[in-house]
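S.K.: One structure is given below, represented as structure tokens, and several questions about it will come after.
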């Protein structure tokens, strides 16, 4: 069945407190998707972020981002007050809002404010407010809270202690902790479990709130006929509870220093390649355990999402290995990954699941064979198509049905920004292919969307910024840069009934509506 969806990170939603979250605006976006005839909402990874604010560098592959917790819901429960929230500057546009919390159902008396996310201000305020709610909630009295903690103890206990210890060390990476804690000597851990019991409970409480609010939102979307497409990085962050709690899974030495790290080799776009710095997996160990950790990870993903996009899928066939300590990726080498074996085990344990393979980048015949053997749809990016020098697999006439087409992803510029910067020879080719000569400049972005929707791909996912025809200021991420990414947010009045109707009409035309 042909379907369509919209890509929009949670952070990019409009909301009252400086960053998109599981607030009323999220439910209104689901309503917008339903009105627009969409079947899917694609988001970015939901994990807690650190330096650089990238959702692809998280403190845990299992935990959720506490920034997404809806504070107004906590007001409705009586755990916070509107006055307490208003004490903090979260970098909003200055719109005052008043929260009426006479009952558990919260009502906002003004529009949500928007603008660029100021992560420093969010970090300074959010945890203080959540701590106030934690003290007021007495979470241990809740049976649902206790059940959540027990069911998720296999990752939650380590994550909560890891975060409490990070706080105690001023945010320092665990590699800088005292050796007994860094190496997880049991006597040192037991002492810290007792010493930081209150702090670890606070981090468990955050995850309980995240899970409860997210599952409520997901269920609302599912009832509206909207599936959630989640996104997981293939790798975990070096400074994560995953690496700290399970060092045997990674290529570490006896002092828990990585021996090799992840990245990409030099290419036309980057003379030095990309040095990501993530620890690489010790795949022989994973194979010996029947990929137990991966099965738990993917199973957890399918509790949170209906469909999972696995980032850097080609790394399962072969991964680029860079000696730890290198300043660039130049001296890396390709190493063999687990191949189909890991997916055979996943399918045996979990059954057939809806997975999207992010098969972008340098694709060898072996990678293409792996994607085909799994049966998972790969990705087609329209922005990658218009290289006048070659007949690209990303041109719509070369697509296959078992694929997902995008105008662009979170790593691309918006269509408007990208088209503006095309070199003349490629723009001429693009204009000829899409017949843009006869289209008003202000409407050219719609032709890209039209061709994506008209393609044979079973699923078409369009970034929200492209439907809005926004320029480069709405770009979400520029790879290999830090400081100005992950900040774009919707304007509060952007999602109109008229826009939903136009999107629905386009999707109905190309038989993509449910």
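The values are calculated or read from the model by the stated rules, or taken from the named source; none is laboratory data. Because the structure is predicted, anything quoted here is derived from the model rather than measured. Here Cβ is always computed from backbone atoms with ideal geometry, including for glycine, and neighbour counts include all displayed protein chains.
S.K.: Among the residues of segment 68-78, is any part of a loop (DSSP other than H, G, I, E, B), in contact (Cβ under 8 Å) with a residue 40 or more places away in the chain, closer than 18 Å to residue 206 by Cβ and touching a helix residue (DSSP H, G or I) at 6+ places or on another chain (Cβ under 6 Å)?
M.R.: Within segment 68-78, one or more residues are part of a loop (DSSP other than H, G, I, E, B), in contact (Cβ under 8 Å) with a residue 40 or more places away in the chain, closer than 18 Å to residue 206 by Cβ and touching a helix residue (DSSP H, G or I) at 6+ places or on another chain (Cβ under 6 Å).
S.K.: Out of the residues in segment 272-293 that are modelled with pLDDT under 95 and over 21 Å from the mean Cα position of the chain (by Cα), which is nearest to residue 348 (Cα to Cα)?
M.R.: Checking each candidate, the answer is 273.
S.K.: Then there is this: Can you tell me which residue is nearest to residue 270 (Cα to Cα) among those in segment 370-380 that are in a helix (DSSP H, G or I) and without any contact (Cβ under 8 Å) to a residue 40 or more places away in the chain? Full working, then the answer.
M.R.: At the first step, the residues of segment 370-380 found to be in a helix (DSSP H, G or I) are 370-374.
Then keep just the ones that are without any contact (Cβ under 8 Å) to a residue 40 or more places away in the chain; that gives 372-374.
On the way: 372: 29, 373: 31, 374: 31 Å.
In this case the residue turns out to be 372.
S.K.: Here is a follow-up. Take segment 388-426 and flag every residue that is in a helix (DSSP H, G or I), in contact (Cβ under 8 Å) with a residue 24 or more places away in the chain and farther than 17 Å from residue 455 by Cα. Break it down into steps so the answer makes sense when it comes.
M.R.: Of the residues in segment 388-426, the ones in a helix (DSSP H, G or I) are 396-398, 415-420, 424-426.
Remaining after also requiring in contact (Cβ under 8 Å) with a residue 24 or more places away in the chain: 396, 415-420, 425-426.
415, 416, 417, 418, 419, 420, 425, 426, listed by residue number.
S.K.: Additional query: So residue 37 passes all but one of these: (1) at pLDDT 95 or above; (2) within 30 Å of residue 279 (Cα to Cα); (3) not in a helix (DSSP H, G or I). Which condition number does it fail?
M.R.: Every condition holds for residue 37 apart from (2).
S.K.: Please note which strands (runs of 3 or more DSSP E) are completely contained in segment 263-362 and include at least 3 residues that are surrounded by fewer than 16 Cβ atoms within 10 Å (Cβ to Cβ), in contact (Cβ under 8 Å) with a residue 12 or more places away in the chain and touching a helix residue (DSSP H, G or I) at 6+ places or on another chain (Cβ under 6 Å).
M.R.: Of the strands (runs of 3 or more DSSP E) lying wholly inside segment 263-362, none has at least 3 residues that are surrounded by fewer than 16 Cβ atoms within 10 Å (Cβ to Cβ), in contact (Cβ under 8 Å) with a residue 12 or more places away in the chain and touching a helix residue (DSSP H, G or I) at 6+ places or on another chain (Cβ under 6 Å).
S.K.: Would you check if there is a residue in segment 26-45 being in contact with a strand residue (DSSP E or B) (Cβ under 9 Å, 6 or more places away or on another chain) and over 29 Å from residue 497 (Cβ atoms)?
M.R.: Residues of segment 26-45 in contact with a strand residue (DSSP E or B) (Cβ under 9 Å, 6 or more places away or on another chain): 29-30, 32-33, 36-45.
Going one step further and asking which of them are over 29 Å from residue 497 (Cβ atoms), we end up with 45.
Yes: segment 26-45 contains one or more residues that are in contact with a strand residue (DSSP E or B) (Cβ under 9 Å, 6 or more places away or on another chain) and over 29 Å from residue 497 (Cβ atoms).
S.K.: What tally of residues in segment 295-314 results from selecting those that are more than 23 Å from residue 459 (Cβ to Cβ) and touching a strand residue (DSSP E or B) at 6+ places or on another chain (Cβ under 9 Å)?
M.R.: Residues that pass the stated criteria total 1.
S.K.: Looking at segment 184-225, which of the residues that are within 24 Å of the chain's Cα centre (by Cα) and assigned to a loop (DSSP other than H, G, I, E, B) is farthest from residue 131 (Cα to Cα)?
M.R.: Per the criteria, the residue is 225.
S.K.: Tell me, which helices (runs of 4 or more DSSP H) wholly within segment 79-173 include 2 or more residues that are modelled with pLDDT of 90 or more and out of contact with any helix residue (DSSP H, G or I) (no Cβ under 9 Å at 6 or more places or on another chain)?
M.R.: On the way: elements: 82-86, 119-137, 143-151, 153-168.
In segment 79-173, 82-86, 119-137, 143-151 are the helices (runs of 4 or more DSSP H) which contain 2 or more residues that are modelled with pLDDT of 90 or more and out of contact with any helix residue (DSSP H, G or I) (no Cβ under 9 Å at 6 or more places or on another chain).
S.K.: Quick check: anything in segment 42-58 under 26 Å from residue 513 (Cβ atoms), buried (at least 19 other Cβ atoms within 10 Å of the Cβ), touching a helix residue (DSSP H, G or I) at 6+ places or on another chain (Cβ under 8 Å) and touching a residue at least 24 places away in the same chain (Cβ under 8 Å)? If you could, list the steps in order and put the result at the bottom.
M.R.: Pass one, segment 42-58, residues under 26 Å from residue 513 (Cβ atoms): 42-44.
After this cut, where a residue has to be buried (at least 19 other Cβ atoms within 10 Å of the Cβ) as well, the list is 42-44.
Among the residues that remain, those that are also touching a helix residue (DSSP H, G or I) at 6+ places or on another chain (Cβ under 8 Å) are: 43-44.
Then drop every residue that is not touching a residue at least 24 places away in the same chain (Cβ under 8 Å), which leaves 43-44.
Yes, that holds for at least one residue.
S.K.: Can you give me the number of residues within segment 461-514 that are in a loop (DSSP other than H, G, I, E, B), within 12 Å of residue 8 (Cα to Cα) and either in contact with a strand residue (DSSP E or B) (Cβ under 9 Å, 6 or more places away or on another chain) or free of Cβ contacts under 8 Å to residues at least 12 places away in the same chain (or both)?
M.R.: Count: 2.
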